[in-house]
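The values are calculated or read from the model by the stated rules, or taken from the named source; none is laboratory data. Note that the structure is predicted; figures quoted are calculated from it, not measured. Glycine gets a Cβ as well: all are built from the backbone with ideal geometry, and neighbour counts include every protein chain shown.
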Amino acid sequence: MQKTWTTWIPAATVAVALAACGGGEKPAEPTPAPEPTPAPEVTPAPDAAAATPGGEQALSEQLKAAQARIPADQKDKPNPKSGDAAAIAKGKETYTTVCASCHGTEGKGDGPAAVALTPRPASFADKPRLTPGERFWVLKNGIEGTGMSAFGAAMSDDDVWSVLAFEETFLASAGGAAPAAPAAPPAGGGQ
Ligand code: HEC
């Protein structure tokens, strides 16, 4: 009887030890490998300076400087060619040959030449930053320090208003309101 005990105890101890050991060696539950999440598609930033159609576009420092030079009486001048079909057709021709390379065929500021420019060409499909009169002045005189050159020598006043009348159609087709009335002067704008 005693013999049985002495052999039994160590045997049990070993059994327990083995069990414990075995438990420890038990391979961990395989945790499912995390689904490889595909990297989000990197969509190239739109070339336009603007974000959303009808959204605000920030004024570049250069544009602010140009704006400060625009004579006060020029700012409120309405576009006499606004909505004039013949002028718009003529303006479209000018736009396509002269302006689209930078401002884009849809006026979004994403023409092929736009990528190289800082600041980026303006988008005409977004909320206008300038009044029609200011745009007229910019087109005549250019924006110093940007890709926007002065077209005053190359274009008559009528040509300028016509291309601006065509430009206004981008905003209308983007769902924005045509800039009929001059926009309120920006806060802090030197009046
Ligand atoms: C070489 C590229 C280039 C060409 C060509 C060009 N522009 Fe621009 N234009 C620019 C850039 C760049 C700006 C923005 C400058 C800034 O934000 O300071 C600009 C700004 C303007 C602005 C004023 C910004 C605004 O918010 O309204 C008007 C208007 C404009 N362009 C009209 C035209 C028209 C019309 C033509 C064609 C007759 C034309 N541009 C041709 C590069 C160009």
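Only residues that are more than 7 Å from the ligand (Cβ to nearest atom) and part of a loop (DSSP other than H, G, I, E, B) were counted across segment 139-153, and they come to 6.
If I filter segment 112-121 down to residues being in contact (Cβ under 8 Å) with a residue 60 or more places away in the chain and in a loop (DSSP other than H, G, I, E, B), which single residue comes out as farthest from Glu167 (Cα to Cα)?
Only one residue tops the list, namely Pro119.
Of the residues Phe124, Phe136, which single one is near the ligand (Cβ under 10 Å from one of its atoms), aromatic (Phe, Trp, Tyr) and either in a loop (DSSP other than H, G, I, E, B) or without any contact (Cβ under 8 Å) to a residue 60 or more places away in the chain (or both)?
Going through Phe124, Phe136 in turn, just one is near the ligand (Cβ under 10 Å from one of its atoms), aromatic (Phe, Trp, Tyr) and either in a loop (DSSP other than H, G, I, E, B) or without any contact (Cβ under 8 Å) to a residue 60 or more places away in the chain (or both): Phe124.
Take the residues in segment 162-177 that are touching a residue at least 12 places away in the same chain (Cβ under 8 Å) and over 17 Å from Thr96 (Cβ atoms); name whichever of them is surrounded by the fewest Cβ atoms within 10 Å (Cβ to Cβ). Within segment 162-177, the match that is surrounded by the fewest Cβ atoms within 10 Å (Cβ to Cβ) is Gly175.
For segment 90-111, a residue qualifies if it is without any contact (Cβ under 8 Å) to a residue 60 or more places away in the chain, among the small types (Gly, Ala, Ser) and out of contact with any Pro (no Cβ under 7 Å at 6 or more places or on another chain), and the qualifying residues are Ala100, Gly104. Screening Thr52 with (1) under 20 Å from Thr169 (Cβ atoms); (2) surrounded by 15 or more Cβ atoms within 10 Å (Cβ to Cβ); (3) modelled with pLDDT under 95 gives one miss only, at (2).
This table checks each residue for (1) more than 16 Å from the chain's Cα centre (by Cα); (2) surrounded by 16 or more Cβ atoms within 10 Å (Cβ to Cβ); (3) not hydrophobic (A, V, I, L, M, F, W, C).
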{"site": "Leu63", "(1), (2), (3)": "yes, yes, no"}
{"site": "Gln67", "(1), (2), (3)": "yes, yes, yes"}
{"site": "Ile70", "(1), (2), (3)": "yes, yes, no"}
{"site": "Asp76", "(1), (2), (3)": "yes, no, yes"}
{"site": "Ser82", "(1), (2), (3)": "yes, yes, yes"}
{"site": "Ala114", "(1), (2), (3)": "no, yes, no"}
{"site": "Lys127", "(1), (2), (3)": "no, yes, yes"}
{"site": "Leu130", "(1), (2), (3)": "yes, yes, no"}
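Being in a helix (DSSP H, G or I) and more than 10 Å from the ligand (Cβ to nearest atom), is that true of even one residue in segment 96-110? No, segment 96-110 contains no residue that is in a helix (DSSP H, G or I) and more than 10 Å from the ligand (Cβ to nearest atom).
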